[in-house]
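Presented below is the structure to which this report refers.
Just so it is clear, none of the values below were taken in a lab; they were calculated from the coordinates. If you're wondering where the values come from, they're calculated on a predicted model, not measured in any experiment. Glycine also receives a Cβ, built like all others from the backbone with ideal geometry; neighbour counts cover every protein chain displayed.
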Amino acid sequence: MIDTVIFSLAGRPVLLIDLISSILGLACVFLAGRNSKYNFWVGYLYTAALFFLFWNRSLYANLLLQPVSLAINILGHYRWTHPRADEQSAKDSKSLKVSRLSVPAALICVAGTFLVAGLWGWTLDQLFPSDPHPYLDSVVTALILLAQLLSSLKKWECWIVWLLVNVTQIILHISVGNVFMPIVCGLYLVNGLWSLATWIKLYRHGA
């Protein structure tokens, strides 16, 4: 059922699982951008949908990363709803307020992203030689994990990373001839810009 073709776009089939995962992903980031803790419940469904999507397409490298994404989602769910006294939102004491990265933390994030991307790219190249863009894939993956981690800690810089992810994914999908996903990534890009402005405003108000 998940591999049912529901329509074609530019001669390429769009499967039911493609549509379900896209809707769940967009709903998740939309809710996160609006500072809603319910994004995590949608995130659990999104992770499950991605698991079936990658399994259906034999994309085992991406499949292996889903437990990591799930763990980050669980961490974020806890952190957003269990802030320490100095982390409480000015609008809701039971919610984590938006904050920003310190310079040392930002440098660690950049260095860690390059390290993870390099190691994962090498791993993909060794295990899946048929992957046409192992290092580009690994950069996107590392950026996604970083964006998820920063989002789970409610750092507004997460949206800058998401914007980098969106632009890179659009380039990647176009390079392999995908038509449907660049459109979806374009919607992610619009939401990312809106969410970045929203979170910076929340940060300034201590919310």
**OP:** For a label point 7 Å from the Cα of Arg100 along Cα→C-beta, name the residues of segment 152-167 whose backbone N is under 20 Å from it.
**Re:** 152-164
Original post:
Of Ile170, Ile23, Ile144, which has the largest mean-square fluctuation in a 10 Å C-alpha GNM of the chain?
Top reply: Ile23
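Remind me, relative contact order of segment 5-204 in percent, using alpha carbon pairs under 8 angstrom and six or more residues apart? Don't skip to the answer; put the middle values down first.
Values: 241 pairs, mean separation 41.4, N = 200.
That works out to 21 percent.
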Subject >> Distance between modelled label sites at Leu26 and Leu187, nm, 7 Å Cα→Cβ extension >> reply: 0.1 nm
Original post:
Taking springs between alpha-carbon atoms closer than 10 angstrom, which of Ala48, Ala85, Ala147 fluctuates most in the Gaussian network model of the chain?
Top reply: Ala85
**OP:** State the answer as a single residue: which of Ser36, Val140, Ser8 lies farthest towards the positive end of the charge dipole of the chain, with beta carbon charges of +1 for Lys and Arg and -1 for Asp and Glu, about the Cα centre.
**Re:** Ser36
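What does the highest-first list of 156-163, 111-118 look like by mean Cβ count within 10 Å? Intermediate results must be reported in sequence, preceding the final value.
Working: 156-163: 21.9, 111-118: 14.6.
For the peptides 156-163, 111-118, the packing ranking is 156-163, 111-118.
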Original post:
When the chain is modelled as a GNM with alpha-carbon springs shorter than 10 Å, which of Pro104, Pro83, Pro182 fluctuates the most?
Top reply: Pro104
Original post:
When you take every Cα atom in the chain, what is the radius of gyration, and what is Dmax, the widest Cα pair distance, in Å?
Top reply: 17.4, 55
